[in-house]
Every structure is written in C-alpha cells, then in structure tokens.
Amino acid sequence: MNIIFRKAANADIPQLIEMRKGYMRETHTELTEDILFEIADKSKGYFQEHLNRDCIVYLAVDEDTGTVAACIFFLLINKPASPLFLTGKTGTLMNVFTIKEYRRMGLAKKLVSMAIEDGRRWDLSYIELRSTKDGYPLYKSLDFVEDRSIYMSMKLPLGD
C-alpha cells in the first residue's frame, strides 16, 4: 500500500463530500439520509467557494486504489487582533476522519502535522479543535492542550 499525502483540489470535491458524510455517520448516528443529503448538497457549494482559500483540506490517498483514506479540514480565520490571538489569524481543525480499513496507521497524525506546519508558516496565533474521545490521545501527542479560558463557550441556534 502506497499512501500519498496532499492538499485537495476542486476535482476532489465529490470525495470530500463523501468523507464528510462518513464522518457525520459515525459522529452523529441519529442523522437521517435526508439530512445527510442536505449536508452534502450544502457542502458542495461551500467547497466550491472556500476550498484553498480559507478552507484547506489535507488528504491521505491510497495510490494503489485511488481511495481517499483520511482527511482533515483546516479553516483559516482572520479577525482583529486581541490578547488571545495577537496575529489576528487562527485556524480550526475539523472533520478529522479516517475510513475504518486505514485506521491505526498514523494517517491522521501525518495530516494534522501537515496542518500544524502550514499554520506556523502562515503565522497563526493558534489552532483549535473539538476532539472526540477517540481523537484526544492523538491531539495530546501533538501538544494540543485543553482550552481553559475565562470565557464560556456559548451559541445561539438560529433556525434548523
């Protein structure tokens, strides 16, 4: 098996959508196929607009079969500087996903490491993520720390 690591291109959008659906099926088991279809439909437009602009997707591809074995989405955020992010630039990792047949091979670790290296080159103040229990040891091994803040995470649902 020969795995190549690279950034996604527009031609990869159908595979990115399938990887997103695979991730959603595993992490949000209550989702119906109708909701997954809607997520896929909206994701296509998102990738067409944002891929390789403020959303970088890293892929591990099995060169022998052409299978996208793992992926990570890296969202780049630019905002006014603050004491918490002096450069005003931060990154968010999401949808870190490896299909079952390729797990425990270090693919996600390699992809996250690629994003970290790019984040350093781009002068990001930090990279954040929300970890599943399964992913937690990986992120700890890469020196991610739990975010302790004076701020409480909150959100206001608007619709859906």
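In table form, for the structure just shown:
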| item | result |
| --- | --- |
| Cα-Cα over 25 Å, subset of K21/K79; K7/K44; K44/K140 | K21/K79; K44/K140 |
| Cα-projected label distance for K140 with T67, points at 7 Å along beta-carbon direction, nm | 3.0 nm |
| Helix-only [θ]222 nm of the chain, DSSP H runs n ≥ 4, -39500 (n - 2.57) each, per residue, nearest 500 | -11000 deg cm²/dmol |
| GNM flexibility winner over the chain from L51, L31, L107 (Cα, springs under 10 Å) | L31 |
| 5 angstrom amide H check on E128, placed H, neighbours 5+ away | G91, T92, L93 |
| DSSP-loop trypsin sites (Lys or Arg not before Pro) across region 25-80, with at most 11 other Cβ within 10 angstrom | R53 |
| Percentage relative contact order, the chain, counting C-alpha pairs under 8 Å, at least six apart | 20 percent |
| Inverse mean reciprocal Cα-Cα distance (Kirkwood Rh) of the chain, Å | 16.9 Å |
| Those aspartates and glutamates that a straight Cα-Cα span of less than 19 Å connects to K100, excepting residues fewer than 8 apart in one chain | E18, E26, D62, E63, D64, D134 |
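Coordinate-derived values only; no laboratory data. Not measured: the values here are computed from a predicted model. Ideal geometry is used to build each Cβ from the backbone, glycine not excepted, and the neighbour counts take in all protein chains shown.
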